[in-house]
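A short worksheet on the structure shown next.
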Amino acid sequence: MKKLLSGNEALALGAYHAGVTVAAAYPGTPSTEILESLAGYDDIHAEWSTNEKVATEVALGASYAGARSLVSMKQVGLNVASDPFMAASTTGVNAGLVVVSVDDPGIHSSQNEQDNRHYAKFAKVPLLEPSDSQEAYDFMAYAYDISERFDTPVLVRSTTHISHSKSVVKVTGRRAVPGREPNFPPDVEKFVMLPVYARLRRPLVEERLAQLAGYAETFPFNQILARERQLGIITSGAAYQYAREVFPQASFLKLGMTQPLPQDLIRRFVAEVDRVIVIEELGSFLQENIQAMGIAVSGKEFIPRFGELSPEIIAQSCRAAGLLAESPTPPTKPAPELPQRPPLLCAGCPYTGLFFTLSTMGQRSALVKSRVKKVAKSNLIITGDIGCYTLGAYPPFFAMDTCACMGAGIGQALGMEKAGVSNKVVAVIGDSTFLHSGITGVVNGVYNKGEITIVILDNRTTAMTGHQSHPGTGVTARGEKTSIVELERLVRGIGVNDVKVVNAFDLKALRTSVRAALDNPELSVIIARGDCPDPAAARPRPLVIATEKCDQCNICLRLGCPAIQIDDGQVFIEATLCAGDTCYLCQQVCPRQAIVFQSESSTQESK
């Protein structure tokens, strides 16, 4: 049977057909769809975990108990999960454990462009890299077999292009996996990593790596494709697809298992060609490891070390290096430039009111310029976090001064306050991110007598990655009802005395709460609560601008709402974008009361 699958869908189906029974993840583009796909199967447990560390620990515990398990995450998620990931390398597994990391070359939806291949070498675990959806599907069966055969977790690394592109996959169906009852076999020397036992496990990790090196020589997806011998190319993953397009007549060594490397196979390939280059995305992982074998190869001397590769980029780089003749045909003319669409919060977003409040209270510049590097000096420092609200850094708000990683905003705010800055410091974090890694920051603030203000933007979903559930929503990954973690009770339980819950669409209440929190010398928490807009919901009462009242002061434009637009000097509201009576923030900022509901405008006109 054949199916058209994205790489993420193929990874999920491959895991399911390989007998996975427990899957855990935290949503993060470009990996989100893996767990979403697995959650559709009724005969396995699939969960959104609180964060990637917990997800890895859940999968590791399931493996210890004899269940094939999977944990998936985007590249920065492996940073969060690195502690149990490294521990799993030392303890080994019982049933197969596969860790899927989806890297993001080109930084399409991330705060960095790290290359997680290095994690496999660091942890001394095998690394598989599919180059299309078919291999994404096929590799999962091999990954579980390798995991159990060599007593190791296996890292499967995809990238944005592989995970989000679709191709036809030949599906073999669910395999008959040797049945085993869930059972944890007590083994202190294997599972309890006290120093005395960890020292016993350490030589086994090296022995395992040596055995895996032998296995890599026969791994069926490490393939030599022999053609013309003038040029040989060693590559893997998406880069293989690009390179084949640029060099259709060259010989290739396509590596599906890139840690440990098949050294004998590489030496044999090098002996069969006149010159060898390495084409890989991001760093020089393959190149440096091949050079460490004493083999003269090049690649990163002319292939970019950052950004997503493409056939065009590879061709241009190789022409500059003299490896490719100039193209006889002129390059294709680019399409006419499309109108720019600045990144904005959605119409009806509950974050808009808070950022408008912080922007105006902080006396920040509202002047919209391209490539803004600095804004007017503010009397507020606003430390941000990862989520839709990161868009608060853009015009017209300029209301975010830092953004590093999940949960960092609270700790950064505390650090600034303890450093003695004269400005008031506000940390802004979303509900999902707070539950992911913000709780410990609040604990630290209470313990160390912090004097900052923390605003938790609670829209009751994980909006940035596609509206996934989390512990504060009361809904599981399968859509089943469960207990709700109430943020205000949680924060009070940590020891915060000044806790306020505010309607995110009430500008007066937001301003009053923020001012009171800033005046309070102790740590304060504001929970600004408002639902994320549902694009499918009916909006029977859009707002309009009564032009006879509007004096074109343009204050409403400072909300940054995409529904509020200007044409030929006149502000208007695009009815198809307006969130209607679920929002009404623009009504609250208009000094002329010129923004009314459409039905009210029609009544006035009829009079």
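The values are calculated or read from the model by the stated rules, or taken from the named source; none is laboratory data. For clarity, every value in this text was computed on a predicted model and none was experimentally measured. All Cβ positions, glycine included, derive from the backbone under ideal geometry; neighbour counts span all protein chains shown.
When you check Y119 against the structure, is it more than 19 Å from the chain's Cα centre (by Cα) and hydroxyl-bearing (S, T, Y), yes or no?
Considered against the rule, which asks whether it is more than 19 Å from the chain's Cα centre (by Cα) and hydroxyl-bearing (S, T, Y), Y119 comes out as no.
Please indicate, with yes or no, whether at least one residue in region 469-479 is assigned to a loop (DSSP other than H, G, I, E, B), buried (at least 24 other Cβ atoms within 10 Å of the Cβ) and either modelled with pLDDT under 95 or over 30 Å from the mean Cα position of the chain (by Cα) (or both).
yes
Give region 404-431 a look and list any residue that's of a type in the set (S, T, N, Q) and touching a residue at least 24 places away in the same chain (Cβ under 8 Å), or say none.
Q412, N423
So which residues in region 23-44 are surrounded by 24 or more Cβ atoms within 10 Å (Cβ to Cβ) and either closer than 18 Å to S131 by Cβ or not hydroxyl-bearing (S, T, Y) (or both), if there are any at all?
A23, A24, A25, P27, G28, P30, S31, I34, L35, L38
Of the residues that sit in region 306-346 and are in a helix (DSSP H, G or I) and among the aliphatic types (A, V, I, L, M), which one is modelled with the lowest pLDDT?
Filtering region 306-346 for residues that are in a helix (DSSP H, G or I) and among the aliphatic types (A, V, I, L, M), the one modelled with the lowest pLDDT comes out as A320.
Within the bounds of region 274-285, is there any residue that is in contact (Cβ under 8 Å) with a residue 24 or more places away in the chain and in a helix (DSSP H, G or I)?
Within region 274-285, one or more residues are in contact (Cβ under 8 Å) with a residue 24 or more places away in the chain and in a helix (DSSP H, G or I).
For P542, indicate whether it is in contact with a Cys (Cβ under 8 Å, 6 or more places away or on another chain) and over 23 Å from G415 (Cβ atoms).
yes
Restricting the first residue to region 573-589 and requiring it to be modelled with pLDDT under 85, which pairs with a second residue that is in a loop (DSSP other than H, G, I, E, B) and not polar (S, T, N, Q) meet a Cβ separation below 7 Å and a spacing of at least six or different chains?
Listed pairs, sorted by first residue: G580/R539; G580/P540; G580/R541; G580/P542; D581/R541; T582/G348; T582/P533.
Working only within region 104-131, note down all residues that are assigned to a loop (DSSP other than H, G, I, E, B), at pLDDT 95 or above and over 17 Å from L309 (Cβ atoms).
Within region 104-131, K124, V125, P126 qualify.
Got at least one residue in region 540-557 being assigned by TED's automatic domain parsing to the domain that holds A579, of a type in the set (D, E, K, R) and within 20 Å of C388 (Cβ to Cβ)?
No: region 540-557 contains no residue that is assigned by TED's automatic domain parsing to the domain that holds A579, of a type in the set (D, E, K, R) and within 20 Å of C388 (Cβ to Cβ).
Output the residues belonging to region 502-517 that are farther than 21 Å from C590 by Cα and surrounded by fewer than 18 Cβ atoms within 10 Å (Cβ to Cβ).
Once the filter is applied, which keeps residues that are farther than 21 Å from C590 by Cα and surrounded by fewer than 18 Cβ atoms within 10 Å (Cβ to Cβ), region 502-517 yields R515, A516.
Looking at region 11-70, which of its residues are free of Cβ contacts under 8 Å to residues at least 40 places away in the same chain, under 18 Å from V171 (Cβ atoms) and either part of a loop (DSSP other than H, G, I, E, B) or out of contact with any helix residue (DSSP H, G or I) (no Cβ under 8 Å at 6 or more places or on another chain) (or both)?
Answer for region 11-70, where residues must be free of Cβ contacts under 8 Å to residues at least 40 places away in the same chain, under 18 Å from V171 (Cβ atoms) and either part of a loop (DSSP other than H, G, I, E, B) or out of contact with any helix residue (DSSP H, G or I) (no Cβ under 8 Å at 6 or more places or on another chain) (or both): G40, Y41, D43, I44.
So, in region 590-607, exactly how many residues are modelled with pLDDT under 80 and among the aliphatic types (A, V, I, L, M)?
Total satisfying the criteria: 0.
So, in region 556-599, of the ones that are of a type in the set (S, T, N, Q) and either over 32 Å from the mean Cα position of the chain (by Cα) or under 18 Å from G530 (Cα atoms) (or both), which residue ends up surrounded by the fewest Cβ atoms within 10 Å (Cβ to Cβ)?
So the residue we want is Q593.
Could you tell me whether any residue of region 484-496 is within 25 Å of V596 (Cβ to Cβ) and within 30 Å of the chain's Cα centre (by Cα)?
No, there is no match, as no residue in region 484-496 is within 25 Å of V596 (Cβ to Cβ) and within 30 Å of the chain's Cα centre (by Cα).
Yes/no matrix, rows are residues, columns are (1) closer than 16 Å to A95 by Cβ; (2) in a helix (DSSP H, G or I):
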position: Y144; (1), (2): yes, yes
position: S147; (1), (2): yes, yes
position: T172; (1), (2): no, no
position: E189; (1), (2): no, yes
